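The values are calculated or read from the model by the stated rules, or taken from the named source; none is laboratory data. From a predicted model like this one, the values you see are computed outputs, not experimental measurements. Quick reminder, even Gly has a Cβ in these numbers, built from the backbone with ideal geometry, and neighbours come from all protein chains shown.
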Amino acid sequence: MLLLVASACGSASPGCEAASFRGAELQRCASPRWEPVPQHGDLPPSLWEAGASFARTEGDREVVYRFGGQRENFPNDFTVNDFYALDVSTATWTKLTTPETPAARADTLLMPGPCSECVSIVGGRGRFRTGSDLMFPEMWTYDTQGQRWHSVPAEALGDTFAVRRSSALVVEVPEAGSSKKTAIYAVGGVGNTLSRFATTSTGLRNDVAVYGQDTGWRLVPTSGEKPAPRAWVVGGYDPDSHALLVFGGYRLGADQGPSTPAGELFGPTNYENDLWSLSLETLTWTQLHPTGPLPAPRDNAVAFFDTLRGGLVVFGGQRFDGLSSDLWFYSVRDNQWTEVALDPASVPPARVGGIAFLRETSAAYELYLNGGATSDGGQSAFLDDLWKLSWAKP
């Protein structure tokens, strides 16, 4: 899960102000490069499927919070409620302990909280393959100053079904007419942990929930043809069109149904590379049909929206045939994907279930990647590394 937050204005790179954001010009002007980040402090253990977000704050967002996750793979997997803060400016981790901490869970949604200097967790899931439905239709808020968790009461939470999800796309969007208020959108996700969850009516979702500080969580009706229900999608907010972009994800294949055996639910048709736009003005879905080469179908990618170039940057993910470490840029103006080359000697190990978050400087977007697993089943290595992708601003 990736929460996308804009924080700074860019400074133009020489000769890139009017670049056509495709091919060699994009490669030269964005100059993407990955580098490992040395970590300090209370280093978190290796795990995957955690959640991460910055807190809501009046100043610069320099501390990201990581909650929960999963250790190991089936049948030895278990969820945790570990809670850490990472000072991004120094790459220093601090383990946070409180008298009352939310229950262990994975794939929870993290977001800036409703109050100043707080961060919230929403939803999340327990273990798969237990035969039980282990979801957490609740919201907790952590006060970073008082260093305490508070369970959000029903009257402030809103619709519990709206938050009964995990593995959803979470995007923060500025509210019109306000310089401080934002709305949080949650798109799709996992709705239960029952056996063969993807074949059940609520196992995968394609609805849209929105959180407002004055209204709590609510489902919003959308029009137009909707994306198929899915989870582990990525996307971002395009301020020019006031729309969400949603890419890829895991779904029930078009050739599958309620009786599809569990062993066939991770086939070629379960991974998507389609691209959708949701207008926040009209709440209308539109499927986009980009020209030229497309990224391979995948889930569990990481992404951010480059507001200065007007496009979505997507890295990695899990395909039917394995993990990927490729980098793509979708230009809204050109309606075209471009693969952007990376130095293969300095690319993070391919992974699934890592956390990612975006930090901006005056010169670049900085996409951070932490943790994850080298496989979501069978033999896997579990990662505790931290990497940074620098994507220069035009």
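Here 299, 321, 334 are screened, and the one residue that is closer than 25 Å to residue 166 by Cα and surrounded by fewer than 18 Cβ atoms within 10 Å (Cβ to Cβ) is 321.
When we screen 311, 316 for residues that are closer than 17 Å to residue 243 by Cα, crowded, with 18+ Cβ neighbours inside 10 Å and not aromatic (Phe, Trp, Tyr), the only hit is 311. When you look at residue 255, is it touching a helix residue (DSSP H, G or I) at 6+ places or on another chain (Cβ under 7 Å) and modelled with pLDDT of 95 or more, yes or no? So residue 255 fits the description; yes.
Scanning the stretch 292-351 for residues being of a type in the set (Lys, Arg) and within 18 Å of residue 366 (Cα to Cα) gives a total of 1.
Is it the case that residue 152 is at pLDDT 95 or above, farther than 19 Å from residue 356 by Cβ and either β-branched (Val, Ile, Thr) or in contact with a Leu (Cβ under 6 Å, 6 or more places away or on another chain) (or both)? It is true that residue 152 is at pLDDT 95 or above, farther than 19 Å from residue 356 by Cβ and either β-branched (Val, Ile, Thr) or in contact with a Leu (Cβ under 6 Å, 6 or more places away or on another chain) (or both).
Out of all the residues in the stretch 183-199, is one or more farther than 30 Å from residue 63 by Cβ, of a type in the set (A, V, I, L, M, F, W, C) and either assigned to a strand (DSSP E or B) or touching a strand residue (DSSP E or B) at 6+ places or on another chain (Cβ under 6 Å) (or both)? Yes, the stretch 183-199 has at least one match. Output the residues belonging to the stretch 63-87 that are in a strand (DSSP E or B), crowded, with 19+ Cβ neighbours inside 10 Å and either in contact with a Cys (Cβ under 8 Å, 6 or more places away or on another chain) or not charged (D, E, K, R) (or both). Listed by number, the residues that qualify are 64, 65, 67, 70, 79, 83, 84, 85, 86. Which of the residues spanning the stretch 201-225 are part of a loop (DSSP other than H, G, I, E, B) and either in contact with a Gly (Cβ under 8 Å, 6 or more places away or on another chain) or of a type in the set (Lys, Arg) (or both)? Answer for the stretch 201-225, where residues must be part of a loop (DSSP other than H, G, I, E, B) and either in contact with a Gly (Cβ under 8 Å, 6 or more places away or on another chain) or of a type in the set (Lys, Arg) (or both): 202, 203, 215. The single condition from (1) surrounded by 17 or more Cβ atoms within 10 Å (Cβ to Cβ); (2) aliphatic (A, V, I, L, M); (3) not in a loop (DSSP other than H, G, I, E, B) that residue 156 fails is (1). Taking the stretch 103-136, which residues are part of a loop (DSSP other than H, G, I, E, B) and either crowded, with 24+ Cβ neighbours inside 10 Å or touching a Gly at 6+ places or on another chain (Cβ under 7 Å) (or both)? Of everything in the stretch 103-136, those that are part of a loop (DSSP other than H, G, I, E, B) and either crowded, with 24+ Cβ neighbours inside 10 Å or touching a Gly at 6+ places or on another chain (Cβ under 7 Å) (or both) turn out to be 104, 105, 107, 108, 113, 123, 124, 134, 136.
Criterion applied to 209, 176 was being buried (at least 18 other Cβ atoms within 10 Å of the Cβ) and among the hydrophobic types (A, V, I, L, M, F, W, C), and the one residue passing it is 209.
Among strands (runs of 3 or more DSSP E) lying entirely in the stretch 276-394, which contain 2 or more residues that are in contact with a Gly (Cβ under 7 Å, 6 or more places away or on another chain), at pLDDT 95 or above and hydroxyl-bearing (Ser, Thr, Tyr)? The qualifying strands (runs of 3 or more DSSP E) are 322-331.
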